[in-house]
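Taking it in order: structure first as C-alpha cells, then the write-up.
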Amino acid sequence: MKLMDVTLRESVYYGSGIDYEAGLDYLKKIDSFITPEEVEYIEICYVNTSINGHLNYNADYIRKAYDICKGKFKLVAMMHPDSADKYIWNPDVIRLLSMVRIVCGGETIPENVKDFVEYLHNLGVEVSINISFALRKSFEKNDELCRKCVEYGADYIYFADSSGSAYGEDIDALCSILNNNKANRKTGFHLHDHLSLAFANALRAYENKIDITDISITGAGRGGGNLKTEFFIPYLKKASGEKLSIEMFDRLLDYIEYFNVLVHRDGAVYKQLYLDSLSGIFRLGLKQQESIERRAIGSGHKYIKYVLEDLGE
C-alpha cells in the first residue's frame, strides 16, 4: 500500500493558518522526517481559484515546491470542481504536479469533472476522483458514482469517510465497491478519526488490497483528524518484516515536535500519545512502561532508545 502525506493541505484547518511561506519551509524539512520510500506523495495545496482560505492556486508556490521536492516526492493538489477554473491555471505549472484530486461530495459527479480529467491528462497529470462522505450514501449510489469515475477516466477512485463514521464492515463494503469497479484504475481511502477507528479501518483497507491511503502527522486534519502517520508507517514496516529502527522513531518524533511548533499548539499531549503508542506496537507491560518512563526523564528520544534496547530490537 502506498502512502500520501496530506499534513500540509489538512493543516489549513488550524487557526494559525498555514500560508505559502510556511508551506515551503515545511517542504524543505519533510525529507528529514519521512523518506520517499515510506511516503510517495505529498499533497501541497488546493488548486481552487477562490480568494478565500489558505493554500489555494498559486503558481509561484507550486514552482518553488517542485524545485524543493524534485526527485524526492511526487506532488499532489486537491480541487473542488465548482471552485476551480482551468483557464486561470498556468499549464506549465500544473504539469509540475503528479496528481490532482477532484473532490465530489454530492449525489452526482458533476459533468465538468470529465473536462478537468481530460485537461489534466493532456498535461501528463494523473487524476483521482475522491467521493467524500461515502457513508452518507447508499451502497447502490456509491457503486453508481464509482462507475461514473471510471467513465470519466479517473486514474484513482477514492472513498473518503469524511464523517469518520465507518466501522470495519463498512470498510469491507466500500472496498468491495472499489475493487469491483476499478478496472485498470487504482483505489484509495481517506479516513477520518472521529471514532478513533482510522487505524483499524486502514488495516481493513490494507487487507482488502486498496492501493493507497492518506496519512497526516498526529492525525492533523478537519474534525476528528486523519489516519496518523506515526502509527501507520511503523505498522506497514513491521507487517513487511522490516526491523523497526530507533532512527525511524526519532524521525517521527521530530516530525511531531516540528509540526506542533508550525501550527502553534502545545505539543506535549500529542508527543505523549505517540510514545504511548509504542506500548501497543511492542506489547509493553505496565512495569516496563513505568521503568522506561523513569529512566527517560521526559525525553521522547530516550524513551524510544530504552524501548528498543530493553526489547533487544
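All of Ser83, Ser128 fail the test of being among the small types (Gly, Ala, Ser), under 19 Å from Leu178 (Cβ atoms) and either open to solvent by less than 50 Å² (accessible area, probe 1.4 Å) or outside any strand (DSSP E or B) (or both), apart from Ser128.
The test for being buried (at least 24 other Cβ atoms within 10 Å of the Cβ) and closer than 27 Å to Lys29 by Cα does not hold for Leu236. Counting just the residues of the range 55-88 that are of a type in the set (Gly, Ala, Ser) and farther than 23 Å from Thr213 by Cβ, which one comes out nearest to the chain's Cα centre (by Cα)? Taking the candidates together, the pick is Gly71. Taking the criterion of being farther than 26 Å from Ser32 by Cβ and open to solvent by 50 Å² or more (accessible area, probe 1.4 Å), the residues of the range 51-68 that qualify are Ile51, Asn52, Gly53. Beta carbons closer than 9 Å, at least 6 apart along the sequence or on distinct chains, pair a first residue in the range 161-181 that is over 12 Å from Ala198 (Cα atoms) with a second that is β-branched (Val, Ile, Thr) and surrounded by fewer than 21 Cβ atoms within 10 Å (Cβ to Cβ) for Asn181/Val150. Answer with yes or no whether Ile233 is at pLDDT 95 or above, in a loop (DSSP other than H, G, I, E, B) and hydrophobic (A, V, I, L, M, F, W, C). Criteria not met by Ile233. Considering the conditions (1) small (Gly, Ala, Ser); (2) outside any helix (DSSP H, G or I); (3) open to solvent by less than 70 Å² (accessible area, probe 1.4 Å); (4) out of contact with any Ser or Thr (no Cβ under 9 Å at 6 or more places or on another chain), Gly71 is excluded by exactly one of them, (3). With respect to Arg204, determine if the residue is more than 16 Å from Phe133 (Cα to Cα) and surrounded by 18 or more Cβ atoms within 10 Å (Cβ to Cβ). Yes; evaluated as a whole, the condition is true for this residue.
The values are calculated or read from the model by the stated rules, or taken from the named source; none is laboratory data. Predicted, not measured: the structure shown is a model, and the values here were computed from it. Backbone-built Cβ (ideal geometry, glycine too); neighbour counts: all protein chains shown. To get the accessible areas, we keep the full protein, side chains included, count just its heavy atoms, and leave off ligands, DNA and RNA. Shrake-Rupley method; radii C 1.70, N 1.55, O 1.52, S 1.80 Å.
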